[in-house]
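Structure, as structure tokens:
Here, each number is a calculation from the coordinates, and none is a lab measurement. Remember, it's a predicted structure, so these values are computed and weren't measured experimentally. Neighbour counts are summed over all protein chains in view; Cβ atoms, including those assigned to glycine, are modelled from backbone coordinates with ideal geometry.
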Amino acid sequence: MAEKKATRQAYGEYLVKLGEKNPNLVVLDADLSGATKTNIFKKAHPERHFNVGIAEANLMGMAAGLATAGKVPFASTFAIFGAGRAYEIIRNSICYPKLNVKIALTHAGISVGEDGGSHQSVEDIALMRVLPNMTVLSPADAIETEKMLEAAMTIEGPVYIRLGRSDVPVLFDESYHFELGKASMMKSGSDVTIIATGLMVVLAMEAADQLKEEGISAQVINMGSIKPIDVDAIKQAALTTGAIVTAEEHSIIGGLGGAVAEVLGDEAPVPLERVGVKDLFGQSGKVAPLMEKYGLTSNDIVAAAKKVVSRK
Amino acid sequence: MAFLEETVRGIRKDIVKMIGKASSGHPGGSLSSAEILTLLYFEQMNVDENNPQKEDRDRFVLSKGHAAPVLYATLAAKGFFPNAELENLRQLGSILQGHPDMNKVPGVDMSTGSLGQGISVAAGMALAGKMDNKSHKIYALLGDGELQEGLVWEAAMAASHYQLNNLIAFVDNNNLQIDGAICEVMSPFPIDAKFEAFGWNVITVEDGHSFDELRTAVEAAKKSEDKPTVIICKTVKGKCVSFMENNAGWHGKGPNAEEVKQALAELEA
């Protein structure tokens, strides 16, 4: 069994290192520093950690103000409150003036588990992706989280990093190279391409193994950079395999599936099946049965792959 | 003193002219806050029109961003950009957007327009100043109707919590908002007691059009030791244009040619 770590944990730990290298890095939290793991940063650099209390709108506004003064603020809370409640502050005070604020939101998707539908954000990719000037990153594991944090520091402008609560297997090693706007090929294949993001990447790998046993050769692409998206990789996948499945722990509307559908429509129309949350709210439960209930398992990806191949 | 009076008269004329030319904009709340901006930019603030991004300058955030015309007229009068630019207010391709854009207009420290956000951003600027032990001040201007936004109070709480005594906010208390009198739409009163309860240093200026009263208030605010300061300025919406004064109808409407003429005649008098 591979090592497991939640992307939020990797975020909190790596922030400490980033903070050592970048004296202008500051971290803002809204009473969830234990859950977002920014309390790890707080311990190391208390003078650069600010709690704004339970006030997500002000979290984003103050982050914008700090950015105007040359600070590099990381604003963290749960995805639903950051991308949802504070949406318009992110739009008008961060993206519109293109301020250098990094928005790292945890507890994205239904893998939040027991807290239920009010706390499970399945809309955040859609909300953040539509904003001009915004970069949207969705790491698949702890290593990719670290690489994306490094990449975020090289961008002079707003970045959204989507992080999860649950432990996920570590897929990459230190040699992994993340490039903004570039997908990473996880497995090559010829019959169908599975484009996945976040914790669905590992499930896509498992699905490809199952498909292989059934005689279907599936290629797996990790789309960590959701905006900018890797148009060439999607186009190439459509041309070489002729069928696409997307897999994400997010609504099938407006997220990775939506983004891939846009590219296919523009560049290379081929059959597409979207594995994701089907225009529903989540609910309380343990993570594994929730993922099953909402159609987010490797079996669901296998079924989608078979269906899309039959549509070729 | 005569200099400030002359300057604010010119700013008012420019406000009327540019909104008239654009046939759109917000004259009422621009005219009511003209003395506040004039005092700040022509006397109190350390800014350099030849170096708008100067590192340790004082900052100004127009939290009531719809009063963009008063900010544009003031910045033009100060020399941040040519006065002729004011003719392009709200035109396609203009640097002078309907609400201020920091990436387009020299001298604008923050893009604003969505109410409640500017004061939150100003608190972030003030926090950055504190972190770096800077002595510059962060000024913000809020509308009285704007106080209905919940974010104002989130920011107010944080500003006192972090003892941001380098933050000085003005409330342009002209008593009117788009839909009518603030006390009828949704009363923000008592404004002073609210800010006091949030831990702010509160100063009330009975005549928000008096440079002397405003100056006394700002100088007291600068001495605040551990609290942010709010200066509540009692003002007249549409000040100095008789038919606009105390009339909510002039919140967000451009005067026609005849009305511009009359307004300018009154301002010349």
remark   = Shape descriptor, chain A: equivalent ellipsoid semi-axes (Cα gyration tensor, sqrt 5λ, whole Å, largest first) stand at 32, 19, 18
query = Using a cut-off of 24 Å between alpha-carbon atoms, which lysines can reach A:K306, once sequence neighbours fewer than 8 places away in the same chain are excluded?
reply = A:K187, A:K212, A:K235, A:K278, A:K293
ask   = Which three semi-axes in whole Å describe the equivalent ellipsoid of chain B, each the square root of 5 times a Cα gyration tensor eigenvalue, listed largest first?
value = 27, 21, 17
note = Fewest to most Cβ atoms within 10 Å: B:S187, A:S76 sort as B:S187, A:S76
request  = Along Cα→Cβ, 7 Å out, is where each label goes; now give me the distance between the ones at A:A303 and A:S175 in nm to one decimal.
outcome  = 3.8 nm
query = On the first, second and third principal axes, largest extent first, how far apart are the outermost C-alpha atoms of segment A:30-99 in Å?
reply = 33, 27, 14
task = List every residue whose amide H lies under 5 Å from the amide H of B:Q177, counting only residues 5 or more places away in sequence or on a different chain, with H placed 1.01 Å from N in the peptide plane.
result = B:I182
ask   = What shape does segment A:4-169 take by its C-alpha gyration tensor, where a ≥ b ≥ c are the square roots of the eigenvalues and a/c under 1.5 counts as rounded, a/b above b/c as prolate, and the rest as oblate?
value = rounded
ask   = Convex hull over the alpha-carbon atoms of segment A:108-218: what's its volume per residue in Å³?
value = 129 Å³
key: Ranked B:W200, B:W153, criterion: other C-beta atoms within 10 Å, fewest first   = B:W153, B:W200
task = Provide the convex hull volume over Cα atoms per residue for the protein assembly as shown, in Å³.
result = 155 Å³
query = Which order do A:M148, A:M128, A:M291, B:M102 fall in if you start with the one that has the fewest other Cβ atoms within 10 Å?
reply = B:M102, A:M291, A:M148, A:M128
request  = May I ask you to list the GluC sites (Glu not before Pro) in segment B:220-258 that are in a DSSP loop and have at most 10 other Cβ atoms within 10 Å of their Cβ?
outcome  = B:E225
task = Go through segment B:30-118 and name the GluC sites (Glu not before Pro) that are in a DSSP coil and have 11 or fewer other Cβ atoms within 10 Å of their Cβ.
result = B:E55
query = Which one of A:G12, A:G53, A:G113 has the biggest mean-square fluctuation once chain A is modelled by GNM with Cα springs under 10 Å?
reply = A:G53
request  = Using the Kyte-Doolittle scale, find the helices of chain B whose mean hydropathy is at least 0.5 and whose Cα atoms extend 18 Å or more along the helix's long axis, counting only whole DSSP H runs.
outcome  = B:117-131
message = Can you compute the modelled spin-label distance between B:N50 and B:E245, with each label point 7 Å from Cα toward Cβ, in nm?
response = 4.1 nm
remark   = Asserting the computed 222 nm helical MRE of the protein assembly as shown (DSSP H runs at least 4 long, -39500 (n - 2.57) per run, divided by residue count, to nearest 500) equals -11500 deg cm²/dmol
Segment A:175-307: Cα Rg divided by the 2.2 N^0.38 Å rule of thumb = 0.98
request  = Distance check, please: which entries in A:K42/B:K130; A:K37/B:K54; B:K54/B:K194; A:K21/A:K42 exceed 25 angstrom between their Cα atoms?
outcome  = A:K37/B:K54; B:K54/B:K194
inquiry  = Cut-off 17 Å, label point 7 angstrom out along Cα-to-Cβ of A:A268: give me the residues of segment A:172-202 whose amide nitrogen falls inside.
reply    = A:182-196
query = Within segment A:232-279, which trypsin sites (Lys or Arg not before Pro) sit in a loop by DSSP and count at most 16 neighbouring Cβ atoms inside 10 Å?
reply = A:K278
task = Give the long-range amide H neighbours of B:V61: residues separated by 5 or more places, or on another chain, with amide H under 5 Å away, using H modelled in the peptide plane at 1.01 Å from N.
result = B:Y139, B:A140, B:L141
ask   = Pick from A:K182, A:K71, A:K17: which is most flexible by mean-square fluctuation in a GNM of chain A where alpha carbon atoms under 10 Å apart are linked?
value = A:K17
query = Can you give me the Cα centroid spacing of segment A:79-134 and segment A:164-184 in angstrom?
reply = 20 Å
ask   = Plugging the Kirkwood radius over Cα pairs into Stokes-Einstein for segment B:186-226, at a temperature of 37 °C and a viscosity of 0.692 mPa s, what D comes out in µm²/s?
value = 288 µm²/s
Which of B:T229, B:L167, B:M131, positive extreme of dipole for chain B (C-beta unit charges) = B:M131
inquiry  = With just the Cα atoms defining each centre, how far is segment A:143-159 from segment B:236-263? Give it in Å.
reply    = 50 Å
inquiry  = Using each residue's phi in segment B:48-60, evaluate 6.51 cos²θ - 1.76 cosθ + 1.60 at θ = phi - 60° and report the 3J(HN,Hα) Karplus result to the nearest Hz, with x for Gly and Pro.
reply    = 10, 5, 8, 9, x, 9, 2, 4, 9, 5, 6, 10, 10
note = Between A:V130 and residues 5 or more places away or on another chain, the pairs with built amide H atoms under 5 Å apart involve none
request  = Please identify the longest segment of chain A free of exposed GluC sites (Glu not before Pro), where exposed means a DSSP state other than H, G, I, E or B and no more than 15 other Cβ atoms within 10 Å.
outcome  = A:4-113
